[in-house]
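The values are calculated or read from the model by the stated rules, or taken from the named source; none is laboratory data. Predicted model only: the values in this text are computed from it and were never measured. Neighbour counts are summed over all protein chains in view; Cβ atoms, including those assigned to glycine, are modelled from backbone coordinates with ideal geometry.
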Amino acid sequence: MQDKVTFEYAIIRLVPKVEREEFFNIGVILFSKRKKFLDIKFEINPNKLKAFASEIELERLSQYLNAWKLICDGTAAAGKIGELEISDRFRWLAACRSTIIQSSKTHSGLCESPEKELHGIFEKYVL
């Protein structure tokens, strides 16, 4: 138990038609303060996207999610948000939105490896 650290995560959802509130999971963002870890893992199923909203471009969504990755990494390419503290970047990414890319409420847990936990949550809730 001593090797375990707390973490928080949110599921990233694609809500093609916000007014209908229908969505499907496309990714996970995970944060661990003690491990100084913030990362995102995502995958958009093109067949699901086509079934939900054929008018939305896969490439455009990928660009938005890659921008989220830059924010997680804290790179200069992420702009002012990328310069924030790691916890503030997570809170910004996991904040409630009314756009087509949204986050679930945050959830918490204990883990030994945030990276392994990210992959496990991704496989369970996205794939």
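The table for this structure:
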{"item": "Output for segment 105-127, where each listed residue is in a loop (DSSP other than H, G, I, E, B), touching a Phe, Trp or Tyr at 6+ places or on another chain (Cβ under 9 Å) and closer than 24 Å to Glu57 by Cα", "result": "Val126"}
{"item": "Hits in segment 102-112 (condition: surrounded by 15 or more Cβ atoms within 10 Å (Cβ to Cβ) and farther than 15 Å from Val28 by Cα)", "result": "Cys111"}
{"item": "Hits in segment 1-58 - residues which are more than 13 Å from the chain's Cα centre (by Cα), within 19 Å of Ile71 (Cα to Cα) and assigned to a loop (DSSP other than H, G, I, E, B)", "result": "Lys33, Arg34, Lys35, Lys36"}
{"item": "Selected residue (criterion: farthest from Gly109 (Cα to Cα)) from residues of segment 24-72 that are in contact (Cβ under 8 Å) with a residue 60 or more places away in the chain and among the basic types (Lys, Arg)", "result": "Lys41"}
{"item": "Qualifying residue in segment 35-51 (condition: exposed (fewer than 12 other Cβ atoms within 10 Å of the Cβ), touching a helix residue (DSSP H, G or I) at 6+ places or on another chain (Cβ under 7 Å) and closer than 21 Å to Phe7 by Cα)", "result": "yes"}
{"item": "Pick from segment 56-66, criterion touching a helix residue (DSSP H, G or I) at 6+ places or on another chain (Cβ under 9 Å) and surrounded by 15 or more Cβ atoms within 10 Å (Cβ to Cβ), ranking: modelled with the highest pLDDT", "result": "Leu61"}
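Conditions tested, residue by residue: (1) at pLDDT 95 or above; (2) more than 30 Å from Lys17 (Cβ to Cβ); (3) exposed (fewer than 15 other Cβ atoms within 10 Å of the Cβ).
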site	(1), (2), (3)
Ser87	yes, yes, yes
Trp92	yes, no, yes
Ile100	no, no, no
Pro114	yes, yes, no
Glu117	yes, yes, no
Glu123	yes, no, yes
Leu127	no, no, yes
